Amino acid sequence: MRRIFGRLSFLVLAVLLLAAQKEAQLPFGVWHRAPETPILAPHGNGWESSGTFNPAVALRGDKIVMLYRAQDKHGTSRLGYAESADGIHFTRRDEPVLTPSEAYEKDGGVEDPRLVQFGETYYLTYTGYNKTDAQLCLATSKDLTHWERKGVIIPANKGNWNVKWTKSGAIVPEKIDGKYWMYFLGTSVDGKDQAGLASSTDLLHWAEATPTPVLTVRSGKFDSRVAEPGPAPIVTPEGIVLIYNGADDKLVYRTGVAILDRNDPRKLLWRSDTPIFSPEKEWEKVGQVPNVVFVEGMVRQNDRYLFYYGSADKYIGVAEASAVK
């Protein structure tokens, strides 16, 4: 009887330890929409008439500044500028702040921004698309309005494992082991879109840091086809918290979260088995691309996090979650 009891105790302890390993300490609570309707929608007959989506955000003084992808009726994308005091109601400028001008942007545009700040400089990663290739690009600014292009930082078709386009540069907002780190999207030889890792010593020149993806797709799950970095990660004592956009085999986009080692950004510690946010509203299910919520912007405002996302490649929404103390 003692032997059986001992075995049972061991099994219970093993189950408890396994459960503890599966739990993650996230810096935010459950997400909910705030509000239930889009906060930005297509406008007018010009450069933002077909879609306003996939936003990045940053704090500047007492305002939240949003840079968002705006698409005209010809399918060309530019970056618009809007600002808000409360994070919900935004006032947008009449003209874009970044328009396609270089060969790697011509006819397709500048797309899908991410923002991070170091010192007084804002670093903007974006996709330059010329109807042939999409490539991960970089620009810098002191005021979020005037941008200096730094060119393509992860070229298409030339990677360690990523054999097609490059996109979605989420820069870790602090140095680790003397380097800057960035998660990005590439396409592997099997046609799957997965997240890789690059490093830099100056934030301007980047090189791939691994021979394989660091965040792979998972068969049968919500991220079976795409695992694409979202906004700049949150660095916590438990690790690097990366919000990412997962798509299944039907290309329904949902939100996942992963934690990577804060001392070794290559090492995945944990990721969500199920999505933490999914398309539910009509305006998230119907648009230029159906069934999409795509998070690219995040900011902490007092005791809450705000997560800004594109929906159905047409609108912008925001979700809110309490900050975990």
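Only the coordinates and a few stated rules stand behind these numbers; no lab work does. Bear in mind the structure is a predicted one, so any value in this text is a computation, not a measurement. Positions of Cβ are backbone-derived with ideal geometry, glycine not excepted, and every protein chain shown enters the neighbour counts.
Structure notes:
- Among the listed pairs 73/221; 73/131; 63/142; 63/179; 73/250, those with a Cα-Cα distance over 23 Å are 73/221; 63/179; 73/250.
- Considering only 74, 58, 269, the residue lying farthest towards the positive end of the dipole of the chain is 269, judged by Cα position with unit charges set on Cβ.
- Within-13-Å neighbourhood charge of residue 298 [Cβ basis; K, R +1; D, E -1]: +1
- Part-to-part distance (alpha-carbon centres) for the range 238-267 and the range 174-228, which is given in Å: 10 Å
- Distance from the Cα centroid of the range 284-301 to that of the range 86-164 is 18 Å (rounded to whole angstrom).
- Trypsin sites (Lys or Arg not before Pro) within the range 64-124: DSSP coil, no more than 14 neighbouring Cβ in 10 Å: 73, 93
- Local electrostatic count at residue 140 - Lys and Arg +1, Asp and Glu -1, tallied over other residues with Cβ under 12 Å: -1
- Taking 244, 305, 126 as the candidate residues, the one with maximal mean-square fluctuation in a Gaussian network model of the chain, Cα springs under 10 Å, is 305.
- From helices alone, the chain scores -2500 deg cm²/dmol at 222 nm; the rule is -39500 (n - 2.57) for each run of n ≥ 4 DSSP H residues, then divide by the residue total.
- With Cα atoms, 0 to 90° folded angle of helix 2-22 axis to the chain main axis: 10 degrees
- Cut-off 11 Å between beta-carbons: net charge of the residues surrounding residue 240, Lys and Arg +1, Asp and Glu -1: -1
- The chain: most fluctuating residue of 99, 52, 201 per GNM, C-alpha cutoff 10 Å: 201
- Candidates 278, 101, 50: whichever shows maximal mean-square fluctuation once the chain is modelled as a Gaussian network with Cα springs under 10 Å: 101
- Identified option (computed Rg/Rh (Cα atoms, Kirkwood Rh); candidates (i) 1.07; (ii) 0.93; (iii) 1.00): (iii)
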